[in-house]
Amino acid sequence: MEYRDLYKGHTINAWTSEERKGRWTWSFTIDDEAIVSNSGMPRTSEQPMLDEAIARAKAVIDAYPV
């Protein structure tokens, strides 16, 4: 599953990957820069992982200096 959208003028690209059968993790980029990946345990549901990636990316952007 993949998500790409603008948030506060920055492009978020977030996606999920199946690491093991039925176990999902996430990654994202902001403005096509360095990839940030989930360092926690994979989960059995894909959508919550994508939601977590998007939330983390938005939190990074929210922390940028104004």
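Counting other beta carbons within 10 Å of each Cβ, put Asp32, Asp51 in order, fewest first. List each step's numbers first, then the result.
Values: Asp32 8, Asp51 15.
Lowest to highest Cβ neighbour count: Asp32, Asp51.
Could you please report the charge total around Ala63, scoring K, R as +1 and D, E as -1 over all other residues with beta-carbon less than 13 angstrom from its beta-carbon? Spell out each step's value before the answer.
Details: positive: Lys8, Arg56, Lys58; negative: Asp62.
In short, +2.
Of Phe28, Gly40, Tyr64, whose Cα points farthest to the positive end of the dipole of the chain (charges on the beta-carbon: +1 Lys, Arg; -1 Asp, Glu; origin at the Cα centre)?
Of Phe28, Gly40, Tyr64, it is Gly40.
Where does the Debye-calculated log10 I(q)/I(0) of the chain sit at q = 0.15 Å⁻¹, using only Cα point scatterers of equal weight, no solvent?
-0.43
Please give the charge dipole size of segment 2-62, origin at the Cα centre, charges +1 on K and R Cβ atoms and -1 on D and E Cβ atoms. Round to the nearest 20 debye. Walk me through the intermediate numbers first.
Numbers: 8 positive and 11 negative charges, 52 e Å.
Once rounded to the nearest 20, the dipole reads 240 debye.
If we count every other residue with Cβ under 13 angstrom of Pro48's Cβ, Lys/Arg +1 and Asp/Glu -1, where does the sum land?
0
His10: net charge of surrounding residues, Cβ under 12 Å, Lys/Arg +1, Asp/Glu -1, itself excluded? Mind dumping the intermediate values first?
Numbers: positive: Arg4, Lys8, Lys58; negative: Asp5, Asp31, Asp32, Glu33, Asp62.
Within the 12 Å Cβ shell, the charges total -2.
Any chance you could give the angle, 0 to 90 degrees and rounded to 10, that helix 46-62 forms with the longest Cα principal axis of the chain?
Rounded to the nearest ten degrees, it is 20.
As a check on your grasp of the helix formula, calculate [θ] at 222 nm for the chain: sum -39500 (n - 2.57) over DSSP H runs of n ≥ 4, divide by the residue count, round to the nearest 500.
Rounded to the nearest 500, it is -8500 deg cm²/dmol.
Multiply the residue separation of Ile61 and Arg4 by 0.36 nm, subtract the distance between their alpha-carbon atoms, and state the gained length in nm to one decimal.
19.1 nm
Where a number appears in this text, it was derived from the coordinates with a stated rule and is not lab data. Keep in mind that what you see is a predicted model, and the values were worked out from it rather than measured. Using ideal geometry, Cβ is built from the backbone for each residue, glycine included, and neighbour counts are taken over all protein chains shown.
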